[in-house]
Amino acid sequence: QVQLVESGGGLVQAGGSLRLSCAASGRPFGDYAMGWFRQAPGKEREFVAAISWGSMTTSYADSVKGRFTISRDNAKNTMTLQMNSLKPEDTAVYYCATGVTTTHLRGDQARDWGRGTQVTVSS
């Protein structure tokens with residue numbers, strides 16, 4: 001099992017940027033893909049982005065493509081999500097997760113979850 005802790009959420013104006021981080025502990029960090037999901041009030045959880053264990057493959061939801069960038073540092077056991085050009089519709093709790101592959105994560109097949117960090121974008 002992997003323990004995941006997100007950080008970096010907050011309140012930002014539309015058009016601004018935030019950088020989310022996810023720190024992992026437990027199973028060796030390079031053994032799994034990682035990803036971000038989000039859930040807005042009253043809505044279902046949705047996939048945001050994923051990255052393979054060696055960072056060779058990334059995958060993004062269409063709604064964030066070109067604005068968000070996912071990366072990971074296996075030496076530091078961390079993953080980040082750089083979010084630019086934020087929109088009010090990006091407001092949600094963002095969750096870090098692990099998965100077998102980026103394809104599994106995109107299909108909502110995650111194994112471990114963090115507790116989430118709130119991102120609020122004001123108009």
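Points worth noting:
- Comparing G30, G15, G42 in a Gaussian network model of the chain (Cα springs below 10 Å), the most mobile by mean-square fluctuation is G42.
- Apolar share of the accessible surface for segment 45-123: 48 percent from carbon plus sulfur atoms, 1.4 Å probe.
- For the chain, built as a Gaussian network whose Cα springs stay under 10 Å, the top-fluctuating residue of T80, T57, T98: T57
- Neighbourhood charge, 10 Å Cβ-Cβ cut-off, centred on R45 and excluding it, Lys, Arg +1 and Asp, Glu -1: -1
- Cα→Cβ-extended label distance, 7 Å offset, between R19 and V5, nm: 1.9
- Potential extension, T57-R111 segment - 0.36 nm per residue separation minus Cα distance: 17.6 nm
- For the chain, a Gaussian network of Cα nodes joined below 10 Å ranks L20, L86, L11 by mean-square fluctuation, and the top entry is L11.
- Taking all protein chains into account, the per residue accessible area for the chain stands at 51 Å² (1.4 Å probe).
- Reducing segment 1-50 and segment 65-123 to their Cα centroids gives an inter-centroid distance of 3 Å.
The values are calculated or read from the model by the stated rules, or taken from the named source; none is laboratory data. Keep in mind the model is a prediction, meaning the values are calculated, not measured. As a convention, Cβ positions derive from the backbone with ideal geometry for all residues, glycine included, and neighbour counts pool all protein chains shown. Each accessible area value is taken on the protein alone, full model and side chains, heavy atoms only, with ligands, DNA and RNA left out. Shrake-Rupley method; radii C 1.70, N 1.55, O 1.52, S 1.80 Å.
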